[in-house]
Amino acid sequence: MQTPEDRPIYRLLTGKDDRAFCERVSEALAQGWRLYGSPTICYDPQSHCMKAAQAVVWHEAEAIKA
């Protein structure tokens, strides 16, 4: 199974909760990645902004259920 740019099959996208972050997630979905789990959002007091994280897996990856 070959991922774009030979990336691992699991990725955790993180960043400031803004349009740029949403565009990164949207780009990953357009490339064939799929969402894995729910997004996480928390406040970063040092940056005075909300930070977001979203896990994605390569579409051909088998999900491991615990």
inquiry  = Could you check the range 35-65 and list, in sequence order, the residues that are under 9 Å from the mean Cα position of the chain (by Cα) and open to solvent by 80 Å² or more (accessible area, probe 1.4 Å)?
reply    = Leu35, Tyr36, Pro39
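Got a number for residues in the range 1-59 being small (Gly, Ala, Ser) and touching a residue at least 24 places away in the same chain (Cβ under 8 Å)?
Just the residues of the range 1-59 that are small (Gly, Ala, Ser), to begin with: 15, 20, 26, 28, 30, 32, 37-38, 47, 52-53, 55.
Imposing the further condition that a residue be touching a residue at least 24 places away in the same chain (Cβ under 8 Å) reduces the set to 15, 28, 32, 47, 52-53, 55.
Counting residues in the range 1-59 that are small (Gly, Ala, Ser) and touching a residue at least 24 places away in the same chain (Cβ under 8 Å) gives 7.
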Flag for Leu12 being in contact with a strand residue (DSSP E or B) (Cβ under 8 Å, 6 or more places away or on another chain), at pLDDT 95 or above and exposed (fewer than 13 other Cβ atoms within 10 Å of the Cβ) = yes
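The values are calculated or read from the model by the stated rules, or taken from the named source; none is laboratory data. Only a predicted model underlies this, so the values are computations on that prediction, with no experimental measurement involved. Glycine also receives a Cβ, built like all others from the backbone with ideal geometry; neighbour counts cover every protein chain displayed. These accessible areas exclude ligands, DNA and RNA; they are computed on the full protein's heavy atoms, side chains included. Shrake-Rupley method; radii C 1.70, N 1.55, O 1.52, S 1.80 Å.
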